[in-house]
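J.: This is the structure I have questions about; it appears just below.
The values are calculated or read from the model by the stated rules, or taken from the named source; none is laboratory data. Here the structure is a predicted model, which is why all the values come from computation and not from measurement. Note that we place each Cβ from the backbone using ideal geometry, even for glycine, and neighbour counts take in every protein chain shown. Keep in mind that these areas ignore ligands, DNA and RNA; they rest on the heavy atoms of the full protein, side chains included. Shrake-Rupley method; radii C 1.70, N 1.55, O 1.52, S 1.80 Å.
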Amino acid sequence: MSNRQLLVSKIGNGIVIDHIPAGKSFLVLKLLKQPSDAETLIAQNVVSRSLGKKDLIKIEGTYLTSSEIDMIAFVAPNSTLNVIQDWEVKEKRVIKLPEKIKGVFKCPNLLCQTNKEFAAPETNFRVESGERIEETKLHCEYCGSITWYGAILESIQSEHFKIEGGGLVSEEKIEQVFLEALIKGGALRFPPSADQPFMLKSGRASPYFINLGALTDGESLAKVKWAFASYIALLMERGDIPDFDYVFGPSYKGIGLATLTCEGLNELYGMDKRYMYDRKEEKNYGDLSTDRVLVGASYFKPGQRILVVDDTIT
Ligand SMILES: [Zn+2]
């Protein structure tokens, strides 16, 4: 096996960012919002035929969001992103500058409406690229102001720089964390013997039973929040589920899940979704104009999409 194959392929599931200009790997890593315990390998100044020297980053058990990939292009254009699944390269692409970049950079014009103190729209720039990365410019779609590359890089390197949205985590990693939480918290139960399976409400027999109600400690709830938000973000990025407006949690156990999911999506992925749940008994006190049966529904508009989360996992 050649040195190159060794560097790229020895990973089960995850990503390899190759052909990073030498010395840029730490800046690239700063742009990725990966979990702090992600297994990461950084190789610097590796000899490369095309670049002379290059850097390389491997991260196990993770994938990148499109906004993370766009950002890499601003510091390490023409790097190669390899997506690895089951020890094989499933996707390989050269990272190019996006045509537009939204919500990441600030407009330099203080009078631009994106700099208003209240209800400012998300920034939106057209990206002008040149022969060399230093020729890159941003054009504000609202006021036409131009941001030169020096200012772009300065912004990326600043301490407060943060891109919205987190790194996507692989399905295997989500399963692992979720299972650990279920087992540690006593939420996953097996019958006393294999020939006496659990009988479910639906009448079916099951060799295991999951009771999320058993997870009552903060650590377990934090893991459930992380797992639900990470899984939903992964499904959305893959196009397996469409975007949605609401998270609905059927009472009673779905309520906690819906609130945790909304909070997790916001904290980890910068998404702003509302939650909603049903009352088992109609409200007959206080303000009866709202929330009588569905709590949170007063913001609902026809045509909006709802994602349902529930604790029934069998
Ligand atoms: Zn502007």
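J.: Just to be sure I understand the filter: pairs with C-beta atoms under 6 Å, separated by 6 or more residues or on different chains, first member in region 48-66 and over 16 Å from V28 (Cβ atoms), second member of a type in the set (S, T, N, Q). Which pairs pass?
T.: Within 6 Å, the pairs are G61/N13; G61/S170.
J.: Would you point out the residue of region 31-47, among those that are without any contact (Cβ under 8 Å) to a residue 24 or more places away in the chain and more than 18 Å from E171 (Cβ to Cβ), that is nearest to the chain's Cα centre (by Cα)?
T.: Top of the filtered list is S36.
J.: As an exercise: evaluate R93 against (1) within 16 Å of the ligand (Cβ to nearest atom); (2) free of Cβ contacts under 8 Å to residues at least 24 places away in the same chain; (3) not in a loop (DSSP other than H, G, I, E, B) and give the number of the one condition it does not meet.
T.: With respect to (1) within 16 Å of the ligand (Cβ to nearest atom); (2) free of Cβ contacts under 8 Å to residues at least 24 places away in the same chain; (3) not in a loop (DSSP other than H, G, I, E, B), R93 is out only on (1).
J.: List every residue pair whose Cβ atoms lie under 8 Å apart, where the two residues are 6 or more positions apart in sequence or sit on different chains, the first residue falls within region 139-152 and is in the same structural domain as V127 (by TED's automatic domain parsing) and near the ligand (Cβ under 10 Å from one of its atoms), and the second residue, located anywhere, is open to solvent by 50 Å² or more (accessible area, probe 1.4 Å) and of a type in the set (A, V, I, L, M, F, W, C).
T.: Between residues of region 139-152 that are in the same structural domain as V127 (by TED's automatic domain parsing) and near the ligand (Cβ under 10 Å from one of its atoms) and residues that are open to solvent by 50 Å² or more (accessible area, probe 1.4 Å) and of a type in the set (A, V, I, L, M, F, W, C), the close pairs are H139/I146; C140/I146; C143/L111.
J.: Please verify whether region 233-255 includes one or more residues that are without any contact (Cβ under 8 Å) to a residue 60 or more places away in the chain, closer than 30 Å to K106 by Cα and within 16 Å of the ligand (Cβ to nearest atom). Before the answer, list the steps.
T.: Within region 233-255, the first condition is being without any contact (Cβ under 8 Å) to a residue 60 or more places away in the chain, and the residues that meet it are 235-236, 238-240, 251-255.
Going one step further and asking which of them are closer than 30 Å to K106 by Cα, we end up with 235-236, 238-239.
Add one more test, that the residue is within 16 Å of the ligand (Cβ to nearest atom), and what stays is none.
Among the residues of region 233-255, not one is without any contact (Cβ under 8 Å) to a residue 60 or more places away in the chain, closer than 30 Å to K106 by Cα and within 16 Å of the ligand (Cβ to nearest atom), which makes the answer no.
J.: Still on this structure, please answer the following. Suppose we filter region 2-20 for residues that are open to solvent by 40 Å² or more (accessible area, probe 1.4 Å) and either modelled with pLDDT of 85 or more or in a strand (DSSP E or B) (or both); how many remain?
T.: Taking region 2-20 first, the residues open to solvent by 40 Å² or more (accessible area, probe 1.4 Å) are 2-6, 10, 19.
So of that shortlist, the ones also either modelled with pLDDT of 85 or more or in a strand (DSSP E or B) (or both) come out as 19.
Number of matching residues: 1.
J.: Still on this model: Within region 276-303, track down each residue that is open to solvent by 50 Å² or more (accessible area, probe 1.4 Å), part of a loop (DSSP other than H, G, I, E, B) and not basic (K, R).
T.: Passing the criteria: E281, E282, N284, Y285, G286, D287, L288, S289, V293, F300, P302, G303.
J.: Okay, next question. Looking at (1) surrounded by fewer than 18 Cβ atoms within 10 Å (Cβ to Cβ); (2) within 16 Å of the ligand (Cβ to nearest atom); (3) of a type outside the set (D, E), can you tell me which one I101 breaks?
T.: (1)
J.: Kindly indicate which of K58, K54 is more than 26 Å from L234 (Cβ to Cβ), part of a strand (DSSP E or B), modelled with pLDDT under 95 and open to solvent by less than 40 Å² (accessible area, probe 1.4 Å).
T.: Details: K58 fails: more than 26 Å from L234 (Cβ to Cβ).
On inspection, the qualifying residue turns out to be K54.
J.: Additional query: Name every residue in region 61-90 that is in a helix (DSSP H, G or I) and open to solvent by less than 10 Å² (accessible area, probe 1.4 Å), in order of residue number.
T.: Taking region 61-90 and keeping what is in a helix (DSSP H, G or I), we get 66-75.
Of everything in region 61-90, those that are in a helix (DSSP H, G or I) and open to solvent by less than 10 Å² (accessible area, probe 1.4 Å) turn out to be E68, M71, I72, A73, F74, V75.
J.: Return the residues of region 123-142 that are more than 14 Å from F105 (Cα to Cα) and open to solvent by 50 Å² or more (accessible area, probe 1.4 Å); say none if nothing qualifies. If you could, list the steps in order and put the result at the bottom.
T.: Of region 123-142, the ones more than 14 Å from F105 (Cα to Cα) are 128-135.
Within region 123-142, E128, S129, E131, R132, E134, E135 meet the criteria.
J.: Ok, one more. Hey, among S155, S193, S220, S202, which residue is in a loop (DSSP other than H, G, I, E, B), more than 30 Å from W87 (Cα to Cα) and open to solvent by less than 80 Å² (accessible area, probe 1.4 Å)?
T.: S193 is the lone residue from the list that is in a loop (DSSP other than H, G, I, E, B), more than 30 Å from W87 (Cα to Cα) and open to solvent by less than 80 Å² (accessible area, probe 1.4 Å).
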